[in-house]
Ligand SMILES: NC(=O)c1ccc[n+]([C@@H]2O[C@H](COP(=O)([O-])OP(=O)(O)OC[C@H]3O[C@@H](n4cnc5c(N)ncnc54)[C@H](OP(=O)(O)O)[C@@H]3O)[C@@H](O)[C@H]2O)c1
């Protein structure tokens, strides 16, 4: 039997947090991993690091061309880059903030996916995983309303994408983390009057998630044996929102 070539996985937002944990998990699973970061850095476990802004279509195409040149086409795309700058309600969110949140959390995964999908379909194999959020399922005050809309959009779009690609060898799925202990969360806690212990107390399991626990769900979805799993969202949230 001809040995299977090593799959090439691209993880966006890979400098730290869930993205960095995903790079580690996929490298341990034997994939060649590309870390896409916003500014130059090195991500442990990555075979290649590329730099650019995922909301800039020119950067996206330049980054993908670099991956193709150095390692080959992308077989596994993990749309992880995302987040929000400040909490905001429908009344106090500006139209610019709304558009910025949708651009980062919803449009960037779409543009990135559109760029790699034709090659995946032509090769008869591909995995698209987008990192959503528990906020798509469980509204809570203190969120950014545009971020919630974008993350809910990710779920709807991924189901549609799964149907569009069914039977091509490509799958599309979402991982929805609950509150996860990352540097980003530490920054948020420093700037707000909330404490990590309060957040943990609001989770049935009584603790925050670990980035590696989110990465483990991604690792499953991108595996060879997950080929019959498409259009789903895996919730990694300590029991906050149950299926
Ligand atoms: N932590 C949680 O509790 C939690 C809960 C639910 C969902 N999530 C989701 O999980 C994902 C990862 O979040 P995280 O908690 O690990 O936080 P994080 O460390 O802030 O990760 C977000 C990453 O996205 C990158 N990024 C942001 N804007 C970008 C842009 N325009 N172009 C390229 N990269 C960009 C950031 O780059 P820099 O490193 O340069 O800033 C950062 O590395 C996000 O989609 C987030 O919405 C997190």
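Taken together, the values in this text are just the output of simple stated rules run on the coordinates, not laboratory data. These numbers were taken from a predicted model, which means no experiment stands behind them.
Just want to confirm a number: the relative contact order over the chain, from Cα pairs under 8 angstrom separated by 6+ residues, in percent.
Across the chain, relative contact order equals 19 percent.
Treating the angle as unsigned and between 0 and 90°, give the value, to the nearest 10°, between the Cα long axis of helix 57-70 and the longest Cα principal axis of the chain.
40
Give me the base-10 log of I(q)/I(0) for the stretch 45-106 at each q in 0.13, 0.15, 0.28 Å⁻¹, Debye formula, one uniform scatterer per Cα, rounded to two decimals.
Each listed q maps to, in turn, -0.48, -0.59, -1.29.
Taking a ≥ b ≥ c as the square roots of the eigenvalues of the Cα gyration tensor of the stretch 1-67, is the shape rounded (a/c under 1.5), prolate (a/b larger than b/c) or oblate?
oblate
Does the stretch 30-69 come out rounded, prolate or oblate, given a ≥ b ≥ c as the square roots of the eigenvalues of its C-alpha gyration tensor, rounded meaning a/c under 1.5 and, failing that, prolate meaning a/b above b/c?
Here the stretch 30-69 falls in the oblate category.
So if the hydrodynamic radius of the chain is defined as the Kirkwood radius over C-alpha pairs, what does Stokes-Einstein give as its diffusion coefficient at 25 °C and 0.890 mPa s, in µm² per second?
Result for D is 136 µm²/s.
Return the calculated 222 nm mean residue ellipticity for the chain, to the nearest 500 deg cm²/dmol, obtained by summing -39500 (n - 2.57) across DSSP H runs with n ≥ 4 and dividing by the residue count.
Roughly -12500 deg cm²/dmol at 222 nm, from the helical runs in the chain.
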